[in-house]
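A short worksheet on the structure shown next.
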Amino acid sequence: MKIYKSFLIMAMSVLLVACGGKGGGMPNFGDNEYPVVTVQSQSTSMQTTYPATIKGVQDVEIRPKVAGFITKVCVREGQSVGAGQLLFVIDNETYQAQVRQAQAAVNTATAQMNTAKLTLDNNQKLFEQNVIGQYELESAKNTFASAQAQLAQARAALASAKESLSFCFVKSPSAGVIGSLPYKVGAMVSASSTPALTTVSNNSAMEIYFSVSEKDMLDLTKTAGSAQAAVNNYPPVKLLLADGTTYGHEGKVTKASGVIDAATGSVQLIASFPNPERLLKSGGSGSVLVQHNDNSAVIIPQSCVMEVQDKKFIYVLGKDNKVKYTEITVDPQNDGVNFIVRSGLNGGDRYVTNGITKLTDGMEIVPITPERYQQKIDEASKIGTDGSAKGFVDAMQGKK
């Protein structure tokens, strides 16, 4: 009885193998037939995604030039401001006193210069009447010149004091939108304060920063002839927002960094996007989508590719119906189903699509079409559903 059961199990195993399985993705039909496809170039469109950072065309950090307590905050967060608009007022009593002091010094120097001028004019007349000598005249001239220099020095000090006073009234250097306001009335600030008083961002248009690999940039530059031509010829880009939606306006790459980041081996590109709805905010994040169209792409299913130590291989069929284990390179961007072949496979070549794990380099096969291959799978799958397998088991058990 045990021998009978063992024989029954062995027979069923043989039957299951004959019916097919998953070995290499192809049933073992026993006739050395494998599906083969001829490579044909076709048009394709691939989309590459790059992480991106959003910044205003002009983001200006506002910092005071003088130290003091904030006495007035004239704006609110998110407010649109114009160039020259007052943002903050810093305590300026000390600076006003310095202006008054400097003005008094100017007045004193002016009076001294006027006195020196009268003395010089009087000495000039006396010298012409031979009442005084050359020495007295030259002394008067020197006194007048010294008074003029002292007046100029006093006026410079007054201008400096007025400028320091003006620094107490912090104004926007450009039009834009106010960022966060970390300081309130009464806070002590200075030029070295961290963070800045606020940021004024010009968001009428936005600049999107993203990076491409050094190799990609070299390829673009060689194709276009120069780095600037590569930037000018760069295709329009789209922006994927943080919520997963696509921004409604296309952008144009306008700048490329002239320096390669040694840490990442990448080159930074900057794309300009219009922002009429003010939807984009400086400091935001997203992803840049770049569309690539290829009119002569070689596309193959990923299922017919073997990967060994980060290298990809397929079996190419020669004219003698012998397969060759061939390395290929593919585009890093793919849809999860197909690969775009960059080298190793050309139009007109034939490659095996299924059963590749059963093949060896130089093995001779019988090529069939994928349709015939599927037909043979369907025929094999009928075993066990039309009663033939059951009849075999019944016979082994002595029921027939």
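Couple of notes before you dig in:
- The residues in the range 282-329 that are in a strand (DSSP E or B) and closer than 30 Å to ILE270 by Cα can be counted, and the count is 14.
- When the residues of the range 305-348 are filtered to those that are in contact with a helix residue (DSSP H, G or I) (Cβ under 7 Å, 6 or more places away or on another chain) and among the hydrophobic types (A, V, I, L, M, F, W, C), the one that is most open to solvent (accessible area, probe 1.4 Å) is VAL337.
- Residue match in the range 152-169 (condition: under 30 Å from ALA83 (Cα atoms) and in a strand (DSSP E or B)): yes
- Residue check for LEU241: closer than 30 Å to CYS74 by Cα and open to solvent by less than 50 Å² (accessible area, probe 1.4 Å): no
- Leading residue by the ranking (modelled with the highest pLDDT) among those in the range 273-294 that are within 17 Å of VAL212 (Cβ to Cβ) and open to solvent by 50 Å² or more (accessible area, probe 1.4 Å): GLN291
- Across the range 183-206, the number of residues qualifying as open to solvent by 20 Å² or more (accessible area, probe 1.4 Å), touching a residue at least 12 places away in the same chain (Cβ under 8 Å) and over 15 Å from ILE90 (Cα atoms) comes to 5.
- Selection status of PHE127, surrounded by 15 or more Cβ atoms within 10 Å (Cβ to Cβ) and either without any contact (Cβ under 8 Å) to a residue 40 or more places away in the chain or in contact with a His (Cβ under 9 Å, 6 or more places away or on another chain) (or both): yes
- Strands (runs of 3 or more DSSP E) lying entirely in the range 185-281 (those with 3 or more residues that are under 25 Å from PRO332 (Cα atoms) and of a type in the set (Val, Ile, Thr)): none
- One residue stands out among those in the range 58-96 that are touching a Leu at 6+ places or on another chain (Cβ under 7 Å) and in a loop (DSSP other than H, G, I, E, B): the one that is nearest to SER201 (Cα to Cα), which is GLU77.
- Hey, ALA229 under 16 Å from PRO51 (Cβ atoms), of a type outside the set (Asp, Glu) and over 13 Å from the mean Cα position of the chain (by Cα) or not: no
- Flag if LEU218 is open to solvent by less than 30 Å² (accessible area, probe 1.4 Å) and either on the phi < 0 side of the Ramachandran plot or β-branched (Val, Ile, Thr) (or both): no
- All told, LYS72 meets the bar of being modelled with pLDDT of 95 or more, open to solvent by 30 Å² or more (accessible area, probe 1.4 Å) and touching a strand residue (DSSP E or B) at 6+ places or on another chain (Cβ under 8 Å).
- Checking the stated criteria, VAL81 turns out to be in contact (Cβ under 8 Å) with a residue 60 or more places away in the chain and either out of contact with any His (no Cβ under 8 Å at 6 or more places or on another chain) or farther than 19 Å from TYR183 by Cβ (or both).
To keep it simple, each residue is scored yes or no on (1) under 29 Å from the mean Cα position of the chain (by Cα); (2) under 19 Å from GLN40 (Cα atoms).
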| residue | (1), (2) |
| --- | --- |
| LYS281 | yes, no |
| LEU289 | yes, no |
| VAL316 | no, yes |
| TYR325 | no, no |
| ILE328 | no, yes |
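- Selection within the range 358-375 - under 18 Å from THR326 (Cα atoms), surrounded by 12 or more Cβ atoms within 10 Å (Cβ to Cβ) and touching a residue at least 60 places away in the same chain (Cβ under 8 Å): LYS358, LEU359, ILE365, PRO367
The values are calculated or read from the model by the stated rules, or taken from the named source; none is laboratory data. The shown structure was predicted, so the numbers you read here are calculated from the model rather than taken from an experiment. Here Cβ is always computed from backbone atoms with ideal geometry, including for glycine, and neighbour counts include all displayed protein chains. Surface areas here come from the heavy atoms of the whole protein model, side chains and all, with no ligands, DNA or RNA. Shrake-Rupley method; radii C 1.70, N 1.55, O 1.52, S 1.80 Å.
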